[in-house]
1. Report every pair of residues separated by at least 6 positions or lying on different chains whose Cβ atoms are under 7 Å apart, first residue within the range 52-67 and modelled with pLDDT of 95 or more, second among the hydroxyl-bearing types (Ser, Thr, Tyr) and surrounded by 14 or more Cβ atoms within 10 Å (Cβ to Cβ).
2. Does the range 1-56 hold any residues that are assigned to a loop (DSSP other than H, G, I, E, B) and acidic (Asp, Glu), and which are they?
3. Mind counting the residues in the range 62-114 that are part of a loop (DSSP other than H, G, I, E, B), under 16 Å from the mean Cα position of the chain (by Cα) and farther than 20 Å from Tyr43 by Cα?
4. In the range 101-109, is there at least one residue being over 12 Å from Phe11 (Cβ atoms), hydroxyl-bearing (Ser, Thr, Tyr) and touching a residue at least 40 places away in the same chain (Cβ under 8 Å)?
5. Quick one: count up the residues across the range 43-57 that are touching a Cys at 6+ places or on another chain (Cβ under 9 Å) and not small (Gly, Ala, Ser).
6. Which residues, taken from the range 68-112, are hydrophobic (A, V, I, L, M, F, W, C) and over 19 Å from Val54 (Cα atoms)?
7. For the range 33-61, what are the residues that are surrounded by fewer than 16 Cβ atoms within 10 Å (Cβ to Cβ) and either farther than 28 Å from Ile96 by Cβ or in contact with a Gly (Cβ under 6 Å, 6 or more places away or on another chain) (or both)?
8. Just the residues that are loosely packed, with under 10 Cβ neighbours inside 10 Å and hydrophobic (A, V, I, L, M, F, W, C), please, taken from the range 81-114.
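The values are calculated or read from the model by the stated rules, or taken from the named source; none is laboratory data. Everything numeric in this text was worked out from a predicted model, so none of it was measured. Neighbour counts run over all protein chains shown; Cβ positions are idealised from the backbone, glycine included.
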Amino acid sequence: MSAMKTADSLFSHLIRDRDHHQCVSCGAGAEILECAHILTRSYKTIRYDADNAVTLCHACHQYFTDHPAKWAAWVDDRFPGRRQALREKARNTERIDWSATLSTLRHQMKAHHE
């Protein structure tokens, strides 16, 4: 498995744990919970930033993906100022140190489960 896929998996687990394995939009504890990024995960510098992710059930994730204006409004209502702060963080164009990123995520996962 590539470093990015491993990091994605670890990060998704951390976000679902943080959000108590419930959709933060509708409250469902569905079998299919997904890690949704507030700003696209293509911004590598904030891809693994916990402020840039929430847990959504598949239905809510699909709905917000299909309705980006409603997603932006929901995020702005739920987390005022967060999208702007993330945009500023996303301007950082440093290369990702995959070894350090994986180490940090593994440490966070271990600390969360202790």
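1. Leu56/Ser25; Cys60/Ser25
2. Listed by number, the residues that qualify are Asp19, Glu31, Asp49.
3. So the count comes out to 0.
4. no
5. The total comes to 4.
6. Answer for the range 68-112, where residues must be hydrophobic (A, V, I, L, M, F, W, C) and over 19 Å from Val54 (Cα atoms): Ile96, Trp98, Ala100, Leu102, Ala111.
7. Across the range 33-61, the qualifying residue is only Ala59.
8. Those that are loosely packed, with under 10 Cβ neighbours inside 10 Å and hydrophobic (A, V, I, L, M, F, W, C): Ala100, Ala111.
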